[in-house]
Amino acid sequence: MRLTALITLATLAAAAPALAQAPAAGSPREYQLRMLEHQRKLLLAMADSMPERLYRDRVTPEQRDFAQQIHHAASAAAFIASTTMNGPKLTLPDTAAAFKNRPELRAFVNAAYDYAATLLRDQNDAARVETVKLFGQSMPRWQVWDEIHTHTVWTAGQVVANFRKHGMAPPAFTFF
């Protein structure tokens, strides 16, 4: 019995580094990774659903045009992650190209979310609880990922008006 307990403890101790690197399926980090992927899929679906000829169309003069809005949602996710998570230098594809056509906008969205997802996947537990400033507000780093999600959904929701203006239905909202 004692030998079995020692073997079990040794096995768990040896496995601990590997377990620490991969987020548990039901962990908050795993949920946040799924939300980043949801954001990516939503923005890509919007980019794919809007005719390229309407990428520079605005609903109102004050609003960003369609491509700018998608770009803003994706770039904010990467920029906020970069500045609050101490990640490597952020380099994203050319913005001007992203505004012109679908393949370039898709490449921009994918690069932004690849960057953010890598930072989240690699973030250790100690870093997740460290306090950072996000636009003047103090919060733990884990909460920043939730704020990124809220911003992306808020920004993408505004794009629905671009579809409605042209009598088009936006891509289906995946949670319904």
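What follows draws every value from the coordinates through simple rules; no lab data is involved. Computed from a predicted model, the values in this text were never measured in an experiment. In this analysis, Cβ positions are derived from the backbone assuming ideal geometry, glycine residues included, and neighbour counts consider all displayed protein chains.
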Based on the mean of other beta carbon atoms within 10 Å per residue, what is the order of 97-103, 56-62, 140-146, most packed first?
140-146, 97-103, 56-62
Compute the relative contact order of the stretch 25-165 as a whole-number percentage, counting only Cα pairs closer than 8 Å that sit 6 or more residues apart in sequence.
32 percent
For V132, what residues show an amide H to amide H distance below 5 Å, using hydrogens built from the backbone and excluding near sequence neighbours?
M139, R141
Straight-line reach check, K165, cutoff 16 Å on alpha carbons, 8 or more apart in-chain or any other chain, hits among aspartates and glutamates -> E52, D57, E62, D65
Residue-count net charge about P140 - beta-carbon cut-off 9 Å; Lys, Arg +1, Asp, Glu -1:
+1
Would you mind working out the magnitude of the charge dipole of the stretch 25-165 relative to its Cα centre, with +1 at each Lys and Arg C-beta and -1 at each Asp and Glu C-beta, to the nearest 20 Debye?
280 debye
